[in-house]
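Working notes for the structure below.
The values are calculated or read from the model by the stated rules, or taken from the named source; none is laboratory data. Keep in mind the model is a prediction, meaning the values are calculated, not measured. Please note: Cβ atoms are built from the backbone with ideal geometry, for glycine as well, and neighbour counts cover all protein chains shown. These area figures cover heavy atoms from the full protein model, side chains too; ligands, DNA and RNA do not enter into them. Shrake-Rupley method; radii C 1.70, N 1.55, O 1.52, S 1.80 Å.
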Amino acid sequence: MKKQLAIVGLGYVGLPLAIAFGKKRNVIAYDINEERIKELKQGFDRTQEVTTEELISTSASMEYTANQEDLSRANFIIVAVPTPITESKQPNLLPLLKASEMIGKNLSKGSIVVYESTVYPGATEEECIPALEKASGLKCGEDFYVGYSPERINPGDKEHTFTNITKVVSGQNSEVLEVIADMYGTVVEAGIHKASSIKVAEAAKVIENTQRDLNIALMNELAIIFEKLDIDTAEVLAAAGTKWNFLKFSPGLVGGHCIGVDPYYLTHKAQKVGFHPDIILAGRKTNDNMGDFIVTSLVKQMIKKDMPVQGATVTVLGLTFKENVPDLRNTRVIDVIKELEDFGINVQVSDAHANAIEAHDVYGIDLIPYKELSPADIVILAVPHREYLVEGWGLFEFLLSEGKGIVVDIKSKLEKMECPESIKLWRL
């Protein structure tokens, strides 16, 4: 039976996936956002993950649609919708369950549904399958089948892309596993790893980012210690990094839709089975509190320089969760901004990549083009977009009142030795 592929969810994960397959075969590319579909048809990707050239070159094989009934023509469906957390840091499976219900309403016998969204081990079988069965009236394992293949998209990374990263796949039985492996094998050049079960594949995904989260938490804790010891963390890491087996992680704000979210999926499941994951949650607590630490450290620097705190003007450069992407999801820069405002500090924010409408709608922040910023007492390089680094220290002299004040370089990307004498540099 010939496989008609459909991708559900055309965000940071789903669109690169659809484009890769679209170079080989016809793809029904579905997203609930009609405006998103319109933009893609016009050759524009607001996530900046796919170029206009790629969109145009694959347009003949891509059927962009916001009509869920178009999915009824597909018999191999890949689900790439967000799996966020709630305000109480619990898994929010609502987008995934809504997508499953929609797919179920349009599911035909013999179809395979593969989930790429990050979940806790067991979620595909415990949550998604019942939703598919209820909406379709079909029986999983008899009328249709499921698999899980964790996404490994790194927003803004043009080196490690979908096609050149080893793809982990799993299926509910050996026959389905082979079909899924063959499908992904048509586009993934780096090879396929066949997991022994869906739960293994789910667990593999969720610990990838948990491991990174814990390593960054260690660096953040070291940065706190070294601040108290008056030692430059970046210099310590540069020295330690000369050892062949030293893992090169850096301190910083940990946000985004993966590292700052995925560990909570694992801890949720662990607690449901009666185990309290102390180390993972301790790492999360450390990383979630870094905004407060950064602002507290800054206020101490201001007091040492006899700078008034209340009423001071601080410019924050960068709002996205990481450099060189427009992705605002779960950005922890907002923690810094809110803490500054709690001290009575006037905050103005600029970002070279973020969408101004989204920043206002999601965070209530009005972005200001950096050339229109008022002179500031302090500039915080929160997100080191390439546009800021190219201009170097001259940019910060321009943004500071009379070219002097404090610069906070959260990720230590500015050259310390080139810092002007009129500027006090503080970094994690």
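Pairing residues of the stretch 9-32 that are β-branched (Val, Ile, Thr) with residues that are open to solvent by less than 10 Å² (accessible area, probe 1.4 Å) and not in a loop (DSSP other than H, G, I, E, B), at Cβ distances under 6 Å and at least 6 apart in sequence or on separate chains, gives Val27/Leu5; Val27/Ala18; Val27/Phe21; Ile28/Ala6. Among the residues examined, Leu253 qualifies as modelled with pLDDT of 95 or more, within 22 Å of Lys338 (Cβ to Cβ) and assigned to a loop (DSSP other than H, G, I, E, B).
Set side by side, the residues Lys243, Lys248 differ, and just one is of a type outside the set (A, V, I, L, M, F, W, C) and at pLDDT 95 or above, which is Lys243. Gly260 meets each of the listed conditions (1) exposed (fewer than 10 other Cβ atoms within 10 Å of the Cβ); (2) within 25 Å of the chain's Cα centre (by Cα) apart from (1). Scanning the stretch 106-136 for residues that are among the acidic types (Asp, Glu) and in a loop (DSSP other than H, G, I, E, B) yields one hit, Glu116. The single residue among Lys272, Lys248, Lys243 that is more than 15 Å from the chain's Cα centre (by Cα), surrounded by fewer than 13 Cβ atoms within 10 Å (Cβ to Cβ) and closer than 22 Å to Lys205 by Cβ turns out to be Lys272.
Taken together, the residues in the stretch 397-428 that are open to solvent by less than 20 Å² (accessible area, probe 1.4 Å) and either touching a Leu at 6+ places or on another chain (Cβ under 8 Å) or of a type in the set (Val, Ile, Thr) (or both) amount to 9. Cβ separations smaller than 7 Å between residues 6+ apart or across chains give the following pairs from the stretch 344-359 residues that are on the phi < 0 side of the Ramachandran plot and open to solvent by less than 30 Å² (accessible area, probe 1.4 Å) to residues that are at pLDDT 95 or above and part of a helix (DSSP H, G or I): Val349/Ile337.
Here's the yes/no breakdown for (1) open to solvent by 20 Å² or more (accessible area, probe 1.4 Å); (2) in a helix (DSSP H, G or I); (3) farther than 30 Å from Arg284 by Cβ:
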{"residue": "Ala29", "(1), (2), (3)": "no, no, yes"}
{"residue": "Glu49", "(1), (2), (3)": "yes, no, no"}
{"residue": "Glu63", "(1), (2), (3)": "yes, no, yes"}
{"residue": "Leu96", "(1), (2), (3)": "no, yes, no"}
{"residue": "Gly104", "(1), (2), (3)": "no, yes, yes"}
